[in-house]
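Student: The structure under discussion is supplied below as structure tokens; questions concerning it will follow.
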Amino acid sequence: MSFIRLLFVSLLVVAAAGCQSAYYGAMERVGVHKRDIMVDRVESAQEAQTDAKEQFESALAQFRSIIQIKDQDLATRYDRLNDEYEDSKAAAKAVTERIDAVEDVSEALFDEWEDEIELYSSASLKRQSAAKLSQTRRQYQGLIKAMRSAEARMEPVLRAFQDQVLFLKHNLNARAIDSLQGELGSIETDVAQLIREMERSIAESDAFISSLQN
């Protein structure tokens, strides 16, 4: 059974790669090149990170209000915090999916670029194209590192929010709210670090897009 599963997964990977190749080919035929798709996907990932940043800030604000505003129904507090947690999970998932899409098109773009460098008959133009590829790759590596670093910051914040949601769910009383008070400082620190990483990644995206369009 393990061999069959492995074979099935391998076929899925090959099929997915084939689908992507067909997609890029179809887009090329209507004048949309991999570079254009890459810019679009970097912008999409940038938008997802901006949305996630705002969502995590909203979740933190909700957590603060639960602790600091005393005259609220406990069940209502739980529902609001749980909604923010679920929205934060969805935002984090969107960020991951869009970074994955950036990586997919970048691999296709760089592979194509390498192949086409070999088609040059002019040694001078070949060197210039190879140098531009090397520079673009370096810039891309900085971009994807910043994106993945910001992505990694989301997980500990999500775990912390999940802990608060579960604790409040199982202890709907004033004592539970008092217990959560001690967690606020730690969560604020984690969210602040996440926001800084997101902003750095968004700035890297701007710089990378600018470099591709020059």
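Student: Pop the C-beta distance of Glu86 and Ala207 into the FRET formula with R0 = 25 Å and round what comes out to the nearest 0.05. All intermediate terms of the calculation are to be shown ahead of the outcome.
Tutor: Numbers: r = 33 Å, r/R0 = 1.33.
It comes out at approximately 0.15.
Student: Which one, Leu168, Leu119, Leu133, has the greatest fluctuation when you compute a Gaussian network model over the chain with C-alpha springs under 10 angstrom?
Tutor: Among Leu168, Leu119, Leu133, the largest mean-square fluctuation in the Gaussian network model of the chain belongs to Leu119.
Student: Who wins for biggest fluctuation among Glu57, Glu28, Glu47 in a Gaussian network model of the chain, springs between alpha carbons below 10 Å?
Tutor: Per the Cα network of the chain with a 10 Å cutoff, Glu28 tops the list.
Student: How large is the dipole of segment 34-213 about the Cα centre if only Lys and Arg carry +1 and Asp and Glu carry -1, each at its Cβ, rounded to the nearest 20 debye?
Tutor: I would put it at about 520 debye.
Student: Angle between the Cα long axis of helix 2-29 and the longest principal axis of the chain, 0 to 90 degrees, nearest 10?
Tutor: Compared with the principal axis, the helix lies near 60 degrees.
Student: Another question about this same structure. Using only the alpha-carbon atoms, how far is helix 123-170 inclined from the longest principal axis of the chain? Give it as 0 to 90 degrees, nearest 10.
Tutor: 20 degrees
Student: Are any of the pairs Lys93/Lys169; Lys34/Lys93; Lys53/Lys145; Lys53/Lys89; Lys53/Lys132; Lys93/Lys145 more than 21 Å apart by Cα-Cα distance, and if so, which?
Tutor: Beyond 21 Å between Cα atoms: Lys93/Lys169; Lys34/Lys93; Lys53/Lys132.
Student: Additional query: Specify the residue with the greatest mean-square fluctuation among Ile66, Ile187, Ile117, computed from a Gaussian network of the chain linking alpha-carbon atoms under 10 Å apart.
Tutor: Ile117
Student: While we're here: Where does the chain land at 222 nm, in deg cm²/dmol rounded to the nearest 500, when only DSSP H runs of n ≥ 4 count, each adding -39500 (n - 2.57), divided by all residues?
Tutor: Details: 6 runs with 193 residues, N = 214.
That calculation yields -33000 deg cm²/dmol at 222 nm.
None of the figures in this text is laboratory data; all of them are computed from the coordinates on show. Remember, predicted model here, so these are calculated numbers, not experimental data. We place every Cβ from the backbone using ideal geometry, glycine too, and count neighbours over all the protein chains shown.
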